[in-house]
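K.L.:
What follows is a single structure, and I will ask about it in a moment.
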Amino acid sequence: MTAATHQGGRSHQEDRAVYEWIESKAGSGWLLAVFDGHRGALTAEQASQALRSIFLECFITHQGDVEAALSEVIRSLHELTHKNREGSTASVVFIPSDAQTAYVAVLGDSPVAMLDAKGKSYFGPDHNIRTNFRERAAALARGGVFSEGYLEDPQVPGIGLQMSRSLGDIDLTWVLERKPEIEKVSLGGKGSVLVGTDGLLLAGKGHNAEQLRRLLNLIQQGADAQALVDDALARGADDNITAIAWTLR
């Protein structure tokens with residue numbers, strides 16, 4: 001497991017990352033997460049600092065039921081940050097010690113990608129309303145409006161977000177979904193997992209799935225997280241960039 005981050009062309013760093021080995025009476029494994037902040041780093045910072053302790057508590061309470069634990073984790077992080085003007089994505093992955101499966105919880109558009117033991121690829125949920133029309137329709141049904149590529153609350157004009165789900169973002173409370181998409185992915189005992197912020201993905205360089213598949217192949221060939229960040233910078237990335245790369249061969 002490796003992790004790396006870079007401020008990119010931004011004036012400040014709003015990404016936060018968590019990569020912790022979890023050992024508890026409910027089980028053990030890797031807890032990986034990224035929080036991509038916007039309008040400031042407060043929400044991403046609070047969520048990243050609280051994640052480990054909240055996950056442990058929920059994991060034990062739910063007796064090792066990872067999906068139930070992750071659902072409660074995101075609910076708790078929302079309660080912690082719901083009054084913040086600053087917002088953040090949340091992409092959280094738990095890989096139990098046997099690596100037979102991985103569990104994914106996502107709010108927003110920070111990418112999660114995996115290759116399983118047989119080389120089959122998986123790409124996690126993406127709540128960017130510019131490309132996810134189902135999420136856009138749900139946000140509009142909650143009373144939001146889609147204006148120039150951004151979701152807005154018509155009662156708070158001029159404040160927009162490309163995503164339909166996030167932490168924080170109090171100004172968009174009435175049009176955002178706060179529940180994560182949670183998925184269980186078969187790994188088969190080995191494979192590669194990438195958790196990152198969208199600074200890894202460059203506009204005009206191919207569909208997200210194509211770019212993520214390329215990054216997974218780099219990990220399979222021995223690239224670490226720093227190499228992935230350097231690769232994004234070399235391709236012209238100007239956003240904050242964070243990558244967590246896990247592999248078991």
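The values are calculated or read from the model by the stated rules, or taken from the named source; none is laboratory data. This structure is a prediction, so every number in the text was calculated from the model and none was measured. FYI the Cβ positions are ideal-geometry reconstructions off the backbone, even for glycines, and counts take in every protein chain you see. Ligands, DNA and RNA are stripped out before the accessible areas are found, and what is left, the full protein with its side chains, is counted by its heavy atoms. Shrake-Rupley method; radii C 1.70, N 1.55, O 1.52, S 1.80 Å.
K.L.:
If you average the C-alpha positions of segment 43-68 and of segment 121-183 separately, how far apart do those two centres end up, in angstrom?
P.N.:
The two parts, judged by their Cα centres, are 24 Å apart.
K.L.:
Would you please give the FRET efficiency between Gln100 and Glu79, computed as 1/(1 + (r/R0)^6) with r the Cβ-Cβ distance and R0 = 30 Å, to the nearest 0.05?
P.N.:
Here the calculated transfer efficiency is 0.40.
K.L.:
Counting pairs on different chains as well as pairs 8 or more places apart, how many Lys pairs in the chain have Cα atoms under 23 Å apart?
P.N.:
7
K.L.:
In addition: Can you classify segment 87-186 as rounded, prolate or oblate using the Cα gyration tensor, where a ≥ b ≥ c are the square roots of its eigenvalues, rounded means a/c under 1.5, and otherwise it's prolate if a/b beats b/c and oblate if not?
P.N.:
In terms of gyration-tensor shape, prolate.
K.L.:
Taking 7 Å along the Cα-to-C-beta vector as the label spot, tell me the His207-Asp65 distance in nanometres, rounded to one decimal.
P.N.:
Between His207 and Asp65, the label points sit 3.6 nm apart.
K.L.:
Charges on Cβ only, +1 for Lys and Arg, -1 for Asp and Glu, centred on the Cα centroid of the chain; of Ala245, Ala3, Ala41, which one is farthest towards the dipole's positive end?
P.N.:
Ala245
K.L.:
About its Cα centre, what dipole magnitude does segment 132-179 give when the only charges are +1 on Lys and Arg Cβ and -1 on Asp and Glu Cβ, stated in debye to the nearest 20?
P.N.:
So the dipole magnitude of segment 132-179 works out to roughly 280 debye.
K.L.:
Taking square-rooted eigenvalues a ≥ b ≥ c of the alpha carbon gyration tensor, is segment 22-137 rounded, prolate or oblate, where a/c under 1.5 means rounded and, failing that, a/b exceeding b/c means prolate?
P.N.:
Taking the square roots of the gyration eigenvalues as a ≥ b ≥ c, segment 22-137 is oblate.
K.L.:
Sticking with this structure for a sec: With a sphere of radius 13 Å drawn around the Cβ of Gly40, what net charge do the other residues whose Cβ falls strictly inside it have (Lys, Arg +1; Asp, Glu -1)?
P.N.:
-3
K.L.:
Then there's this: Given the rule -39500 (n - 2.57) for each run of at least 4 DSSP H residues, summed and divided by the residues of the chain, what is its mean residue ellipticity at 222 nm, to the nearest 500 deg cm²/dmol?
P.N.:
Roughly -8500 deg cm²/dmol at 222 nm, from the helical runs in the chain.
K.L.:
A further question follows. Might you report the magnitude of the Cβ-based charge dipole of segment 1-123 about its Cα centre, with Lys and Arg at +1 and Asp and Glu at -1, to the nearest 20 debye?
P.N.:
Computed about the Cα centre, the dipole is about 220 debye.
K.L.:
A follow-up question, please. Taking the Cα centre of the chain as origin, work out the dipole magnitude from +1 charges on Lys and Arg Cβ and -1 charges on Asp and Glu Cβ, in debye rounded to 20.
P.N.:
I would put it at about 460 debye.
K.L.:
Mind checking which of Ala99, Ala234, Ala50 has the largest fluctuation in a GNM of the chain, springs on alpha carbons under 10 Å?
P.N.:
Largest GNM mean-square fluctuation: Ala234.
K.L.:
If you take the charge dipole of the chain about its Cα centre, with +1 on Lys and Arg Cβ and -1 on Asp and Glu Cβ, which of Asn84, Ile74, Ser192 is farthest toward its positive end?
P.N.:
After comparing all options, I get Ser192.
K.L.:
Which FRET efficiency value, to the nearest 0.05, is calculated for Asp238 and Arg52 with the Förster distance at 41 angstrom and r the Cβ-Cβ distance?
P.N.:
0.85
K.L.:
Here is a further query. Probe 1.4 Å, all protein chains in place: accessible area of Ile60 in Å², nearest 10?
P.N.:
60
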